[in-house]
Ligand code: DQA
């Protein structure tokens, strides 16, 4: 299975960005973990980060014929972006919403997700483990 992993705004600063919330792992280190777990699970992954809503949407469109599943940490766009929500719906892919932190245990505005209704599930609060769990769940669907 081919899996697109999308990282949204500010995730390029992982490691230096509010480490007490997001941890000390850099985005490069996170992508290395994602690639290595994907390889163990027999998944092909492409990782992409952008700070721009339109660039994330363009990437979804470009990958639509290739990908079998999407793992998306839309960052703060999670809480605001109907455009990303509609793009996920438009490409009709199996999507998993992930977050490093537990968005339900933080500020009230973070509890709202605009993309949750087009995702299979939200996986949060496990740091890099949130992404790895999404990959494991995708690989499990392959075996069904
Ligand atoms: C985040 C949570 C969002 O509320 C925040 O805006 C982010 C990161 C997370 O991974 O915990 O940028 O998606």
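Structural remarks
- When residues of segment 54-80 are limited to those that are in a helix (DSSP H, G or I) and within 13 Å of the ligand (Cβ to nearest atom), the one farthest from residue 101 (Cα to Cα): 56
- Residue count for segment 89-105 under the criterion of being closer than 22 Å to residue 126 by Cβ and either outside any loop (DSSP other than H, G, I, E, B) or near the ligand (Cβ under 7 Å from one of its atoms) (or both): the result is 11.
- Residues in segment 72-83 that are touching a strand residue (DSSP E or B) at 6+ places or on another chain (Cβ under 8 Å) and at negative phi: 72, 73, 74, 78.
- Under the condition of being touching a helix residue (DSSP H, G or I) at 6+ places or on another chain (Cβ under 9 Å) and either free of Cβ contacts under 8 Å to residues at least 12 places away in the same chain or farther than 12 Å from residue 100 by Cα (or both), the residues counted in segment 130-139 number 4.
- Filtered residues of segment 106-116 (kept if in contact with a helix residue (DSSP H, G or I) (Cβ under 6 Å, 6 or more places away or on another chain) and either without any contact (Cβ under 8 Å) to a residue 24 or more places away in the chain or near the ligand (Cβ under 8 Å from one of its atoms) (or both)): 110, 111
- Those residues of segment 38-53 which are in a helix (DSSP H, G or I) and buried (at least 19 other Cβ atoms within 10 Å of the Cβ), in sequence order: 38
- For the condition in contact (Cβ under 8 Å) with a residue 40 or more places away in the chain, closer than 12 Å to residue 75 by Cβ and assigned to a helix (DSSP H, G or I), residue 30 does not qualify.
- Output for segment 125-144, where each listed residue is buried (at least 21 other Cβ atoms within 10 Å of the Cβ) and within 10 Å of the ligand (Cβ to nearest atom): 130, 131
Every number here is computed from the coordinates shown, using simple stated rules; none is lab data. Given the structure is predicted, the values throughout are model-derived calculations rather than measurements. Positions of Cβ are generated from backbone atoms using ideal geometry, with glycine treated the same way; all protein chains shown enter the neighbour counts.
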